[in-house]
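Here's the structure, in structure tokens; my notes come after.
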Amino acid sequence: MLIFEEMQARGHEQLTVLHHAPSGLRAVVGVHSTVLGPAIAGCRLRPYDEERALRDALAMSESITLKAALAGLNYGGGACVLMAPENGAEEGHLREALFRSLGRQMRGLGDRVVLTEDAGVTSQDIAFVAQETRAVLGMNTDTPTVTAYGVYRGLKAAARTVLGSESLRGVRVAVLGVGSLGAALCSHLHREGARLTIADERPGRAQALAEELQERVTVVPADELLDAPCDVLSPCGFGHSIKYDDVERLQCRMIAGGEHHPLSRRGEQAVKEAGIAYVPDYAINAAGLIAVATGISAEAAAEQVYQTVSKVCTLAQQNNKPIHLVARRLAERRIELIGSLARPL
């Protein structure tokens, strides 16, 4: 991976590596854009190798830039990817030290970056960060739950255009990843009467959810879910779930889920050529970010996602353009216009 070439291709401003041996801190902070305001950086903790941590920091920060722009927020996009310490950081003092170390080192980025929670990170972790820096958001927001409700509402908006009806009753939805966000999404879909096929890299988690929901749920191995016949494929994992070579396996009409960057740009082109509608993550999974940034309720944030997805799908249909390209252009256009205000006429 050639880092500077990748940054230039994506338009990144900054990439910073943080390290503190006693606490086990090893983190990559990506800042994609601060044109609209400070970069909101989703902070995630995973057992990454170094290259995957770099790639996810670059991909997620770009996604959050587009998400904030499309949602009308005055924030840019960032990401903070923590490589899980060898000590596990599960014991209370170790976890406190890890996140306070992160907060202390984030001071060096000044007011350019604001941290909020993402996968593997809790509001308590962000509270530890807040003991060392004021540049945090979301300590009092159940972000996965809010995001899941927004994805559900966004799915309904997209289904009206792609499937011909907003109702999800009887619609076949395949959900890859049933952690806190994926499980909450499944609950909303199941309540409406959708037929679910679910999978998780931890098989026991998928089986437990199926037993909780009982009917209209099928569990398959994670490596087989992309082969499942369905109307909607909803990736809710940790990114890059759908590889370019996987596209030919897909048997869905639409891809829409809570996962950041499930497809590469090359993958987006492949699903377009396959005739599959792709509702991008930065359009449909924005409710948590909106609630964190504005303080509005989960219902209001999800309604904003519904309206955004409806607008994007309507424009795509009117102009005979792919949904994901319309969403990206709308986000980029706002960044261009607001960014131009700082330049002389």
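Bear in mind that the values in this text are calculations on the coordinates, not laboratory data. This is a predicted model, so every value here is computed, not measured. As a convention, Cβ positions derive from the backbone with ideal geometry for all residues, glycine included, and neighbour counts pool all protein chains shown.
Modelling each spin label as a point 7 Å along the Cα-to-Cβ direction, I'd like the Glu5/Asp111 distance in nm, to one decimal.
Here the modelled spin labels are 3.8 nm apart.
Determine the distance separating the Cα centre of the range 90-164 from the Cα centre of the range 1-72; give it in Å without decimals.
A separation of 14 Å, based on Cα centres.
With a cut-off of 8 Å between alpha carbons and a minimum separation of six or more residues, what is the relative contact order of the chain in percent?
Numbers: 744 pairs, mean separation 56.3, N = 345.
The value is 16 percent.
State the dimensionless ratio Rg/Rh of the range 12-123 (Rg: radius of gyration of Cα atoms; Rh: Kirkwood radius). Please list the in-between numbers first.
Numbers: Rg = 13.4 Å, Rh = 13.8 Å.
Ratio of gyration radius to Kirkwood radius for the range 12-123: 0.97.
Between the range 167-218 and the range 219-255, what is the separation of their alpha carbon centroids in Å?
If you average the Cα positions of each part, the centres end up 14 Å apart.
Work out how much length Val17 to Asn319 would gain on full extension: take 0.36 nm times their residue separation and subtract the Cα-Cα distance, in nm to one decimal. Walk me through the numbers before you get to the answer.
Details: separation 302, 0.36 × 302 = 108.72 nm, distance 4.28 nm.
Length gained between Val17 and Asn319: 104.4 nm.
Among (1) 0.95; (2) 1.37; (3) 1.00, only one was calculated for this model; which label is it, if the read-out is Rg/Rh (Cα atoms, Kirkwood Rh)?
It is the one labelled (1).
Placing unit charges on C-beta atoms (Lys and Arg positive, Asp and Glu negative, everything else neutral), compute the dipole magnitude of the range 260-345 about its Cα centre in debye, rounded to 20.
Numbers: 10 positive and 7 negative charges, 78 e Å.
For the range 260-345, the charge dipole is close to 380 debye.
So, in nm, how far is label Asp223 from label Gln307 when the simple model puts each one 7 Å beyond its Cα toward the Cβ?
Taking the two extended label points, one gets 4.6 nm.
Going from the alpha-carbon gyration tensor of the range 222-267, what semi-axes, largest first and in whole Å, does one get by taking the root of 5 times each eigenvalue?
Details: eigenvalues 43, 29, 20 Å².
Each semi-axis is the square root of five times an eigenvalue, giving 15, 12, 10 Å.
To the nearest 20 debye, what is the magnitude of the charge dipole of the range 143-332 about its Cα centre, counting +1 on the Cβ of each Lys and Arg and -1 on the Cβ of each Asp and Glu? Walk me through the numbers before you get to the answer.
Values: 20 positive and 21 negative charges, 120 e Å.
My answer is approximately 580 debye.
How would you rank Ile64, Ile290, Ile276, going from fewest to most other Cβ atoms within 10 Å of each one's own Cβ?
Ile276, Ile290, Ile64
With runs of 4+ DSSP H residues as the only contributors, calculate the mean residue ellipticity of the chain at 222 nm using -39,500 (n - 2.57) per run, divided by the residue total and rounded to the nearest 500. Could you put the intermediate results ahead of the total?
Values: 12 runs with 157 residues, N = 345.
Result for the chain: -14500 deg cm²/dmol, rounded to the nearest 500.
I want to check a number: in the chain, how many lysine pairs have alpha carbons closer than 20 Å, given a sequence separation of 8 or more or different chains?
Going through the chain pair by pair, I get 9.
How many nm separate the modelled label positions at Glu86 and Ser297, each set 7 Å beyond the Cα in the direction of the Cβ?
5.0 nm
Provide the net charge surrounding His324, with neighbours chosen by a C-beta distance below 12 Å and charges set as Lys +1, Arg +1, Asp -1, Glu -1.
Details: positive: Arg265, Lys272, Lys321, Arg328, Arg329; negative: Glu268, Asp281.
Spelling it out: positives minus negatives among the neighbours equals +3.
Hey, fewest Cβ within 10 Å first, where do Cys230, Cys43, Cys236 land in order?
On the way: Cys230 22, Cys43 26, Cys236 29.
If I rank by nearby Cβ atoms, fewest first, I get Cys230, Cys43, Cys236.
To the nearest 20 debye, what is the magnitude of the charge dipole of the range 13-138 about its Cα centre, counting +1 on the Cβ of each Lys and Arg and -1 on the Cβ of each Asp and Glu? Present the calculation step by step, with values, prior to reporting the outcome.
Values: 12 positive and 15 negative charges, 58 e Å.
Around 280 debye, computed over the range 13-138.
Among Thr143, Val121, Leu94, whose Cα sits farthest toward the positive end of the charge dipole of the range 73-158 (+1 at Cβ of Lys/Arg, -1 at Cβ of Asp/Glu, about the Cα centre)?
It is Thr143.
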